Amino acid sequence: MPRAYALGPVYGQLWHEYSDSVSSHFSYAEGEGYSSPFTSDEDEVIDTVCRNFGCYSGTVLSRITHNKLPWRAAHSRLESNREGELNDVIREEDMDSFFRGVVERYSISKPDGIALYARNAFRKVVGRLF
């Protein structure tokens, strides 16, 4: 389960695996012999999310996640660990409820819906900055 750290939601296993290269760009190579573990529909969703959210900085992405119900709900239950980092679990039912609403509101079954959701999320963050 992801945890609600101060800068946003984090999957601990991924953080520990990639924390040394956290400021690097992640990529994968689709070359000869590459076989995606995902269906073509899942690959399309992943590519669409990466295209539409990958253009934003970590700061913007952090601000976007802080506006969303799953992070806010976990944040309200926060406990400090020994380093003073905030890290309560983001509940699966909170994520499920939130993303069901997103799917319905933005027609996420289509790539255009993901693009619209990303643009609106960015606009909400930018609107709070100015």
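The values are calculated or read from the model by the stated rules, or taken from the named source; none is laboratory data. Owing to the predicted nature of the structure, the values given are computational and were not obtained by experimental measurement. Positions of Cβ are generated from backbone atoms using ideal geometry, with glycine treated the same way; all protein chains shown enter the neighbour counts.
Select, from SER36, SER40, the only residue that is more than 25 Å from ARG91 (Cα to Cα) and in contact with an Asp or Glu (Cβ under 6 Å, 6 or more places away or on another chain).
SER36
Sort out which residues of segment 89-130 are part of a helix (DSSP H, G or I) and either touching a Cys at 6+ places or on another chain (Cβ under 7 Å) or among the hydroxyl-bearing types (Ser, Thr, Tyr) (or both), and write them in order of number.
Those that are part of a helix (DSSP H, G or I) and either touching a Cys at 6+ places or on another chain (Cβ under 7 Å) or among the hydroxyl-bearing types (Ser, Thr, Tyr) (or both): SER97, TYR106, TYR117.
Give the residues of segment 32-58 that are of a type in the set (Ser, Thr, Tyr) and within 16 Å of ARG119 (Cα to Cα), sorted by residue number.
If the condition is that a residue be of a type in the set (Ser, Thr, Tyr) and within 16 Å of ARG119 (Cα to Cα), then THR48, TYR56, SER57 are the ones that fit.
More than 22 Å from ALA115 (Cα to Cα) and at pLDDT below 70: does that describe GLU17?
Taking the combined requirement at face value, the residue does not satisfy it.
Going by the conditions given, is TYR56 more than 17 Å from TYR11 (Cβ to Cβ), touching a Leu at 6+ places or on another chain (Cβ under 7 Å) and modelled with pLDDT of 85 or more?
no
Can you pull out every residue in segment 76-128 that is modelled with pLDDT under 80 and touching a helix residue (DSSP H, G or I) at 6+ places or on another chain (Cβ under 8 Å)?
Those that are modelled with pLDDT under 80 and touching a helix residue (DSSP H, G or I) at 6+ places or on another chain (Cβ under 8 Å): LEU86, ASP88, SER109, PRO111, ARG128.
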